[in-house]
Amino acid sequence: MTTPPTPHQPVTDPYAAAPGAPLGGAYPQSSPPLAGTADDVGEVSVGDLIGNVTRDLSTLLRQELALAQAELKQEAVKTAKGGGAMAGAAVAGFFVLMFLSIALWAGLSNVMDAGWAGLIVAVIWAIIAAVLFATGRSRLRRVRPTPERTVETLNQVPDALKGSRGGHS
């Protein structure tokens, strides 16, 4: 007989199947049968049944919260990488714009008016900045802020509470 999880036990792997549960299950193992067989609950007190249900629901909710937290952390890392690319593009764009534009402006000033040379340089760097922005934006659009696996398993909770273990019918 296994002991029920205590509130102080950390959930290490929210996807791990409980002993005896079907593979791939994200739900806690059912409470062990109390008095008599698993099919005979006539001898079990209502308090014990409610206690078992409460404990199982508590375990389930802790596991779902741990799963959601893990998924959101993964998406936050993706968001940080996209934001870092945007920030890096901005800093690099600033320095490139400053130093190369001064050099290009000076070079073009030898063959045309300095004002026109400055305008040409500004248009070139505006195009480069637009390409960097589009790259960063496309990376940020790949971020999925919804914890999809958690939503999927939470959709299965009503069926699990009704006793259906086969998913949606």
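Below, the figures for the structure above:
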item: Virtual spin-label span in nm between Ala103 and Glu148, 7 Å along Cα→Cβ; result: 4.5 nm
item: At q = 0.12, 0.20 Å⁻¹, base-10 log of I(q)/I(0) for the stretch 52-169 (Debye sum, equal scatterers on each alpha carbon); result: -0.65, -1.02
item: Difference of contour (0.36 nm per residue) and Cα-Cα distance, Ser45 to Ile124; result: 20.5 nm
item: Volume of the Cα convex hull of the stretch 64-126, divided per residue and given in Å³; result: 63 Å³
item: Residues of the stretch 67-111: accessible area per residue with a 1.4 Å probe, Å²; result: 67 Å²
item: Carbon + sulfur, % of accessible area of the stretch 77-152 - ligands and nucleic acids excluded, 1.4 Å; result: 74 percent
item: Per-pair calculated FRET efficiency, R0 = 45 Å: Val157 and Phe133 via Cβ, rounded to 0.05; result: 0.60
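The values are calculated or read from the model by the stated rules, or taken from the named source; none is laboratory data. Everything numeric in this text was worked out from a predicted model, so none of it was measured. All Cβ positions, even for glycine, are placed from backbone atoms using ideal geometry, and neighbour counts span all protein chains on display. These accessible areas exclude ligands, DNA and RNA; they are computed on the full protein's heavy atoms, side chains included. Shrake-Rupley method; radii C 1.70, N 1.55, O 1.52, S 1.80 Å.
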